[in-house]
Amino acid sequence: MLFVDDETPIQNIMRIEIPRMGHDVTICEDGETAIKAIDENTFDAAILDLRMPGLSGWDVFDHLKQVSPETEIVISSGHGNMEDVLRAFREGAKNYLPKPCKLFEISNVLQQISEKRKLSNKAAALENRLEAVQGGSDLVGQTPTMKHVKTLISKIAPSDSTVLILGETGTGKELVARRIHDLSPRADAPFVPVNCGALPENLVESEFFGHRKGAFTGADKPRKGLLEVANGGTLFLDELGELDKGMQVKLLRFLESGEVRRVGDNEPFHVDVRVVCATNRHLQEMVAEGIFREDLFFRVNTFEIHLPSLRDRKDDIPDLARFLIARHQKKSTIPEDTISPESIQILKGHQWSGNVRELANALEHAVIMAEGQTIKVEHLPVSVTNAAANTQMSVINAVEPKTLREIEMDVIYRVLDKHDGDKPKTANELGIALKTLYNKLNQDQTRKAVG
């Protein structure tokens, strides 16, 4: 928080007492210093003495509203200046402290602001969770491998330990991370996902730790980093293996200390964040090649969850298909006949190199093509049905073709075996004369003896 007052004794007291109340504080003795601090940092709250020499508290007030509208402004004023108080409330001040301020009054106001901030974060977290539910955050599947994954999640979630989720692209690593968060004591706090591979190389540190104004070219205002945004909740680092070694060192330092230092700042501050990581790369091989730090690997690998590919849990495809169709149609359930058995068989036979993400895309295509009717094979993407046809042709081509005579004799021998060699019964079932049966058997024996 920011505390602005031109009286030195009050400044000295607040430097000691506000941290005792559990809040970080920046003390400024005049308006000019306060405006500079606002340009370089972000504050959840600001207590302003309105009447100061030089740049007044009003100047600071106006600057805060312009560059940091989310900051809660509390004005400090004497009883003889109620016109200032009324004006401040009209212009957006959230609270008032009579001067001289009593410590318990400051503590109460800061506690109210802190609770309001928590409620705001909780509302954002609930909205995040609602979006996750609407997007299908449940883990669908009853195969042994998926049951094992769910068991691990239920055991890991209540702790604060780091988790490393491994699996191919499209297997649902973010869904697992969200599930861990939703089942944890942090469920009402933010869940902040970030794709490490998508961050601009020259801004990675700023994205994680934030920056103060003027820290680098283009930093025209202070900015909170992802770690600060996730304070109290969970930060999900997808594609962890894409971080360069310089950023790996900084991430390791944070995991060990819990301290964040914005780019361009000298003083670190503490945040309470659980980190869940994921990657589709082999980190141990990257460690052996010197690409990934071994100490960071051991630090993020407290618990490891391996997500199976869709190819390895094809028995889950029918349930997954119906779940994904329901999600696309924004329904909780759908009838069994929404997708035909033949379509399910095609889906189960596909290789799904893109895993659940590819399946979801294929079913979205099918739902649109079916126009509210039962999804049939012809509604599936050509890439899926062609692959199934190619597989069938491969099976057919793998078998040596037979002549009509050979196929005919196969049928005769099967019926003959059925009747334990009884030729009259065999001829009767085949609908041919007994003499014809004898002739065919003799011809086949002669052909085999010659061949």
If exposed trypsin sites (Lys or Arg not before Pro) are those in a DSSP loop with at most 11 other Cβ within 10 Å, what is the longest stretch of the chain that has none?
103-329
Listed by chain and number, the residues whose amide H is under 5 Å from that of Asn95, excluding neighbours fewer than 5 places away on the same chain and using placed H, are Ile75
Please turn the phi angles of the stretch 352-357 into ³J(HN,Hα) values with the Karplus equation 6.51 cos²θ - 1.76 cosθ + 1.60 (θ = phi - 60°), one per residue in order, whole Hz, x for glycine and proline.
6, 5, x, 6, 4, 4
Ranked by Cβ crowding within 10 angstrom, fewest neighbours first, how are Thr8, Thr143, Thr426 ordered?
Thr8, Thr143, Thr426
If each residue's Cβ is checked for other Cβ atoms within 10 Å, how do Asp420, Asp319, Asp410, Asp265 rank with the fewest at the top?
Asp420, Asp410, Asp319, Asp265
Expected sort for His379, His181, His23, His306 with the fewest Cβ neighbours (10 Å cutoff) up front is His306, His23, His379, His181
With Cα Rg over 2.2 N^0.38 Å in mind, check (1) 0.94; (2) 1.02; (3) 1.55 and report the label derived from this structure.
(3)
Would you mind checking the tilt of helix 382-398 against the longest principal axis of the Cα atoms of the chain, expressed as 0 to 90 degrees and rounded to 10?
40
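Here, each number is a calculation from the coordinates, and none is a lab measurement. Just so you know, these numbers come straight off a predicted model, no measurement behind them. With ideal geometry, Cβ positions are generated from the backbone for all residues, glycine too; neighbour counts draw on all protein chains shown.
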